[in-house]
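The values are calculated or read from the model by the stated rules, or taken from the named source; none is laboratory data. The model shown is predicted, which means the values in this text are computed figures rather than measured ones. Please note: Cβ atoms are built from the backbone with ideal geometry, for glycine as well, and neighbour counts cover all protein chains shown. For accessibility, only protein heavy atoms count, side chains too; no ligands or nucleic acids. Shrake-Rupley method; radii C 1.70, N 1.55, O 1.52, S 1.80 Å.
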Amino acid sequence: MPKVKSGGGFRAIWYTLKKSREVGGIWKMFQAMRTKNACKTCALGMGGQKGGMVNEAGSWPEFCKKSLQAMAADMQGAIKPEFWSTYSVPQLQQFSPLDLETCGRLTQPVVLEKGSQYYKPISWEDAFARITSKLKQLTANETFWYFSGRSSNEAGFLLQLFARLYGTNNVNNCSFYCHQASGVGLTTSLGTGTATVTLEDVEKADLVFLIGGNPPSNHPRLMSSLMMVRNKGGKVVAINPVIETGLVNFRIPSNMWSLFFGTKVASTYVQPHIGGDLALLVGIAKRVVELKAHDEAYLLDHCEGADAWLAKIAATPWDEIERKSGVTIGEIDDMARQYAAAKRVNFCWTMGITHHANGVENVQAIVNLALLRGMIGKEGCGVMPIRGHSNVQGIGSMGVTPKLKDSVFAALEREFAVQLPTTKGLDTLGCMEESFAGRLKFGLCLGGNLYGSNPEATFAAASLAKLETLVYLSTTLNTGHAHGLGQETFILPMLARDEEPQSTTQESMFNYVRLSDGGPARHVGPKSEVEVVATMASQTLGDQGPIDWSSMQNTGKIREAISKVVPGFEQLATIGETKQEFQIPGRTFHKPKFPTPSGKAIMHVHQIPELRGGGEQLRLMTVRSEGQFNTVVYETEDLYRNQTRRDVILLHPDDVQRLGLEENQQVTIRSEVGEMKNILVRPYPEIRAGNALMYYPEANVLVPRTADPYSKTPAFKNVLVTIAVPVAQQVTTPGAQLLKIS
Ligand SMILES: Nc1nc2c(c(=O)[nH]1)N[C@H]1C(S)=C(S)[C@@H](COP(=O)(O)OP(=O)(O)OC[C@H]3O[C@@H](n4cnc5c(=O)[nH]c(N)nc54)[C@H](O)[C@@H]3O)O[C@H]1N2
Ligand SMILES: Nc1nc2c(c(=O)[nH]1)N[C@H]1C(S)=C(S)[C@@H](COP(=O)(O)OP(=O)(O)OC[C@H]3O[C@@H](n4cnc5c(=O)[nH]c(N)nc54)[C@H](O)[C@@H]3O)O[C@H]1N2
Ligand SMILES: [Mo]
């Protein structure tokens with residue numbers, strides 16, 4: 001297969017036509033994509049009242065494969081009633097993530113009863129009665145409540161309020177496996193947990209650092225903004241152990257010149273080792289100071305802790321920086337000089353930074369580097385975590401975290417005249433561990449795939465199996481419904497965002513709040529998230545208490561409550577009528593005045609971790625392919641990495657040779673917690689030697705539960721693995737220095 005040399009382009013357009021045909025034609029797809037609903041995939045922010053495929057800067061048409069895939073998935077036919085008596089759970093466990101996703105839309109509530117091998121359709125009334133009677137038997141801290149980032153602000157707010165008034169703070173979301181390290185890193189440094197910039201700021205930059213992310217695959221619409229930076233003579237420095245095709249060259253379908261000739265994205269590409277970023281960031285800072293290009297006045301006036309940090313980086317020897325990052329002083333000098341010469345700099349990052357045992361420190365180190373030259377609190381400058389799910393940030397703003405912000409806590413108690421629980425509450429991994437220990441009895445998941453997103457898949461299944469009752473609110477089937485089973489498991493079918501009977505709101509990663517109109521339901525059967533949550537709350541807690549839960553089926557009423565309780569969301573009260581979308585005040589910084597006690601940014605000092613692995617032990621990253629959205633696989637092909645299947649390990653050709661392996665050889669991959677058999681070796685010159693790449697979620701059997709102590713985010717990108725050849729094969733590779741499989 002010839003190697004694809006650029007991202008995007010005609011293939012993306014061809015794909016659009018293909019997907020449209022599957023769902024009944026281009027016009028039908030176009031109409032679906034143009035409704036006034038926030039885009040369903042990443043958090044870059046698209047759609048809403050400006051109409052589908054319009055970005056925050058008003059640019060149209062902006063589209064990507066992912067949004068089409070998500071739309072096509074929601075436009076699928078329904079799972080037939082006989083499906084449930086045809087396939088047993090052991091059979092469903094043989095289904096791939098792709099098979100499960102393409103079974104169709106969930107339209108009936110189903111239950112898998114204790115001891116049964118088959119899910120069984122039940123009525124909504126029955127499902128509500130059984131779930132709520134269970135809740136009435138339990139004590140609140142025996143339950144947990146997990147939220148994905150696709151749900152609306154209204155559903156998120158309502159469900160967390162229900163859980164707290166029921167009596168628990170075991171409320172958390174997928175962010176703990178995603179950008180939590182960004183939230184914690186930014187809050188501890190700047191007093192605010194989100195991007196300090198708007199989309200326009202990014203487009204005004206003359207230098208963008210893009211660290212540990214693959215936006216051509218995962219945030220394709222950011223590529224137009226990066227193209228804009230490049231077209232104006234700006235630079236993009238990519239820092240990534242893998243040279244990602246689309247970061248080198250991308251054909252932006254909505255731009256004729258770019259479509260035909262391609263846009264060079266990264267002007268500099270640096271490949272550290274996995275986990276080498278902190279050393280690298282310290283190195284760039286050290287060199288900037290050596291070049292006397294730092295902003296002393298800014299550090300003095302607007303930062304705390306600058307002296308200690310400057311002393312620490314000055315005292316860090318260059319050989320330590322080179323060894324721990326895997327990057328030479330020459331390359332570091334080049335980046336430092338580009339930084340020193342730039343006037344408006346943006347720092348962007350994703351999972352290559354957060355999915356580490358020192359994820360929070362990585363983020364703080366990015367902030368330190370930005371502060372060093374006064375690049376936060378000015379137009380065209382700032383720091384930007386490129387968020388995942390379309391409303392993951394909104395779910396966080398709505399209080400879907402174990403600990404509510406003090407102001408929200410106080411406002412909730414005051415507004416509803418209630419007393420909220422003050423227990424600590426469990427984060428996502430904490431819930432899994434407590435469940436494994438037998439201390440939790442009930443779990444409810446608002447969307448997502450808690451099983452599939454977890455590290456140590458075998459542990460995750462064993463942990464969920466201890467729950468007496470597990471309830472999933474889902475749109476389609478995923479691996480969680482087959483492997484992540486409680487003693488009794490319910491699946492309740494949900495309406496997608498553009499099928500809701502009432503309007504809902506979402507928040508983008510640029511802190512912009514959008515209004516989604518909803519639309520006609522595609523199937524009879526699914527209910528809206530707010531209807532289901534309000535009904536459950538009403539049946540569990542009754543309508544006579546401080547909250548009339550039944551009336552909370554009205555999203556306007558929920559928004560009224562949010563506007564009184566969540567600072568910055570005051571305008572939400574009237575958005576349903578005014579249709580006026582808005583930027584949340586106080587989050588974008590065009591002045592260096594920060595919401596910390598002193599008003600100054602706080603610089604943190606770090607110990608640089610040793611590079612892990614070496615010799616036979618490779619550092620493994622578990623990442624997304626072009627053809628998936630998280631645990632949902634839409635197609636097995638990973639276009640830009642030139643792979644047609646997912647059961648592969650990508651290794652640098654030097655490692656393939658050094659370990660005595662051959663292309664397409666079947667091997668076993670082992671980590672401290674699990675192994676995967678029959679994995680094919682794929683030589684991949686674009687990955688830095690010593691490091692390896694496999695696809696999530698399949699590779700989660702290998703990922704240990706090692707997590708960052710501050711954000712509790714697992715180190716999904718830094719798993720030590722060894723490669724073993726089955727004994728029968730070893731004769732054919734006599735020179736191999738490999739482990740034997742017993
Ligand atoms: N198509 C598509 N889009 C998506 C998603 C999806 O699954 N599919 N998921 C959404 C979600 S929830 C999220 S969080 C985002 C995820 O977006 P990304 O973070 O871009 O996704 P990953 O595939 O996890 O890729 C991480 C990138 O980090 C690099 N990397 C790995 N380890 C390191 C390291 O130690 N240092 C550095 N510097 N780089 C490293 C990898 O080579 C890879 O390019 O995308 C969102 N958008
Ligand atoms: N090894 C490894 N593990 C990882 C990662 C990694 O890079 N490597 N990435 C981590 C990251 S960044 C994240 S965010 C998590 C993802 O964790 P999750 O958010 O929990 O998982 P998703 O796969 O996005 O969830 C997909 C499911 O959501 C449901 N769904 C879709 N739309 C809707 C809707 O509108 N309403 C409702 N109620 N349900 C809906 C569908 O049933 C679908 O199957 O995984 C994490 N796990
Ligand atoms: Mo994510």
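Values as computed for the structure displayed
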read-out	value
Qualifying GluC sites (Glu not before Pro) for the range 60-127 [loop in DSSP, other Cβ within 10 Å: at most 10]	Glu82
Within the range 640-673, trypsin sites (Lys or Arg not before Pro) in DSSP loop having at most 15 other beta-carbon neighbours inside 10 Å	Arg645
The range 618-729 - Rg over Rh from alpha carbon coordinates, Kirkwood radius	0.96
DSSP-loop trypsin sites (Lys or Arg not before Pro) across the range 59-130, with at most 13 other Cβ within 10 angstrom	Lys114
Within the accessible area of the range 497-547 (1.4 Å probe), percent carbon and sulfur	50
Sequence of Arg21, Arg34 when ordered by accessible area, the most exposed leading, probe 1.4 angstrom	Arg21, Arg34
Ratio Rg/Rh [Cα only; Rh per Kirkwood] for the range 263-379	0.94
Charge context of Trp124, other residues only, Cβ under 12 angstrom, K/R +1, D/E -1	-1
19 Å Cα-Cα threshold exceeded, pairs from Lys232/Lys292; Lys292/Lys591; Lys324/Lys717	Lys232/Lys292; Lys292/Lys591
Within the accessible area of the range 258-387 (1.4 Å probe), percent carbon and sulfur	53
Surface accessible to a 1.4 Å probe, Val673 within the full protein complex, Å²	40
Percentage of interatomic Cα-Cα distances in the chain larger than 53 Å	6
Protection proxy ranking, peptides 629-638, 167-176, 334-343, average beta carbon neighbours within 10 Å, highest first	167-176, 629-638, 334-343
The chain, accessible area per residue, ligands and nucleic acids excluded (1.4 Å, Å²)	35
Residue order for Arg619, Arg688 - accessible surface, 1.4 angstrom probe, largest first	Arg688, Arg619
Sum of side-chain charges, Leu541 neighbourhood, beta-carbon under 15 Å (Lys, Arg +1; Asp, Glu -1)	+1
Restraint check, Lys28/Lys65; Lys40/Lys527; Lys50/Lys378; Lys235/Lys264; Lys19/Lys120, Cα-Cα greater than 20 Å	Lys50/Lys378; Lys19/Lys120
Whole-percent carbon and sulfur share, accessible surface of the range 618-729, 1.4 Å	48
Contact order normalised by residue count of the range 99-189, Cα under 8 Å, 6+ apart, percent	21
Farthest toward positive dipole pole in the chain [+1 Lys/Arg, -1 Asp/Glu at C-beta], among Leu247, Gln666, Leu541	Leu247
Residue among Thr631, Asn678, Leu222 farthest towards the positive dipole end of the chain, charges placed on Cβ	Leu222
The range 276-294 residues near the modelled Asp319 label - backbone nitrogen below 20 Å, point 7 Å along Cα→Cβ	279-280, 282-284, 286-287
Relative packing of peptides 550-561, 383-394, 493-504 - highest average C-beta neighbours within 10 Å first	383-394, 493-504, 550-561
The chain - share of DSSP beta bridges that are antiparallel (%, nearest 5)	40
